[in-house]
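A short worksheet on the structure shown next.
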Amino acid sequence: MPELPEVETVRRYLAASLPGKSITAVDVQLPRLIRNRTAEDFAASLPGCTFTAVARRGKYLSLMLNSPWCLLVHLRMTGRLIYESDTTAPLPPYTRIVFTLNEGRLVYGDVRTFGCLWIVPAAGPTGISGYDSLGPDGLSEDFTADYLWQQVHGSRRLIKALLLDQTCLAGLGNIYADEALFLAGIRPSRRCSRVTRKESQRLYEAIRTVLTEGLENGGTTVFNFIDGSGKEGKNQENLRVYGREGQPCPVCGATIVYKKQGGRGTHYCPVCQK
DNA sequence: CAGGCCCTGCTT
DNA sequence: AAGCAGGGCCTG
């Protein structure tokens with residue numbers, strides 16, 4: 001479910017609660033979520049480690065430990081990481097992994113169980129191709145208007161496919177891609193080669209805008225996103241086209257269109273977006 | 001580049 | 001009962 005603003009929202013909660021706490025036990029209830037270790041190795045290697053920091057690149061979270069290794073997590077569609085100080089309460093529904101800490105617990109929950117966890121070196125390449133090949137993070141300084149233009153200019157793909165390509169730009173998903181293209185006035189089905197430099201500049205600004213807005217609103221809860229403390233986001237109230245098919249465009253009043261593109265639900269205004 | 005697949009639950 | 005869901009990877 002979560003895209004960059006949602007993952008960053010989770011990161012902030014975890015960064016405020018985890019550092020200094022140490023792992024005393026790990027209960028892996030669904031072993032296949034652990035990708036590059038056996039569940040047994042995973043559960044055995046973490047106790048004794050203390051969290052030092054929580055970092056994020058794109059949609060990946062790195063839970064840093066006082067060791068040469070760190071815990072890398074991708075929430076995919078429905079993953080949740082929640083810190084709970086009360087360890088006596090019943091575990092939340094769909095709990096898949098429980099990290100018992102010296103103070104409280106860290107609970108990984110996941111309805112659709114697409115999430116992934118890895119133990120990777122804290123520095124240098126991780127060997128996880130999706131992570132090692134990430135492009136610049138959408139909110140980092142490395143992501144510049146010139147960079148976006150370079151990517152757009154040299155490509156024959158459709159613009160929305162480019163935005164969703166994590167090796168080009170890390171962090172955008174289906175919702176924020178549709179929202180950014182709406183703000184920039186560009187049809188999701190436009191060829192990159194037909195996007196002008198000026199439009200690319202507008203698109204750059206639109207991407208920064210939707211990501212920042214999403215973050216300021218604590219993320220977008222369409223189905224079931226919740227932050228690191230279990231609260232829902234408010235950004236869904238802010239969406240301009242996503243999930244608004246059949247409703248009037250907030251700018252021109254035309255009916256928002258829904259189409260499948262590249263297998264993904266795609267929303268746009270047929271008048272504002274050329 | 002489209003399509004299938006990993007899963008479960010909710011909506012039509 | 002079928003189709004849909006915000007991701008990513010693998011296949012043809």
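The values are calculated or read from the model by the stated rules, or taken from the named source; none is laboratory data. None of the values given here were measured: they were computed from a predicted structure. A quick note on method: Cβ atoms are made from the backbone with ideal geometry, for glycine too, and the neighbour counts reach across all protein chains shown.
For the reader, a short list of remarks on this structure follows.
- Residue within segment A:45-60 that is in contact (Cβ under 8 Å) with a residue 24 or more places away in the chain, more than 16 Å from DNA strand C (Cβ to nearest atom) and in a helix (DSSP H, G or I) present: yes
- Per-region count, segment A:169-193, residues surrounded by fewer than 22 Cβ atoms within 10 Å (Cβ to Cβ) and either β-branched (Val, Ile, Thr) or within 12 Å of DNA strand B (Cβ to nearest atom) (or both): 5
For (1) over 28 Å from A:Leu139 (Cα atoms); (2) within 15 Å of DNA strand B (Cβ to nearest atom); (3) not in a helix (DSSP H, G or I), each residue gets a yes or a no:
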| residue | (1), (2), (3) |
| --- | --- |
| A:Pro2 | no, no, yes |
| A:Val26 | yes, no, yes |
| A:Phe42 | yes, no, no |
| A:Phe99 | yes, no, yes |
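- Selection of helices (runs of 4 or more DSSP H) fully inside segment A:123-184 by the criterion of at least 3 residues being in contact (Cβ under 8 Å) with a residue 40 or more places away in the chain, out of contact with any Pro (no Cβ under 9 Å at 6 or more places or on another chain) and within 21 Å of A:Tyr242 (Cβ to Cβ) returns A:174-184.
- All positions within segment A:46-79 that are surrounded by fewer than 20 Cβ atoms within 10 Å (Cβ to Cβ) and within 18 Å of A:Arg96 (Cα to Cα): A:Pro47, A:Arg76, A:Met77, A:Thr78
- Matching entry among A:Tyr108, A:Tyr83, A:Tyr94 (being over 24 Å from A:Pro19 (Cβ atoms) and in the same structural domain as A:Pro31 (by TED's automatic domain parsing)): A:Tyr94
Every residue, every condition in (1) modelled with pLDDT of 90 or more; (2) within 15 Å of A:Glu6 (Cβ to Cβ), yes or no:
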position: A:Leu172; (1), (2): yes, yes
position: A:Ala184; (1), (2): yes, no
position: A:Pro188; (1), (2): yes, no
position: A:Lys198; (1), (2): yes, no
position: A:Ser229; (1), (2): no, yes
position: A:Gly233; (1), (2): no, yes
position: A:Pro250; (1), (2): yes, no
position: A:Ala254; (1), (2): yes, no
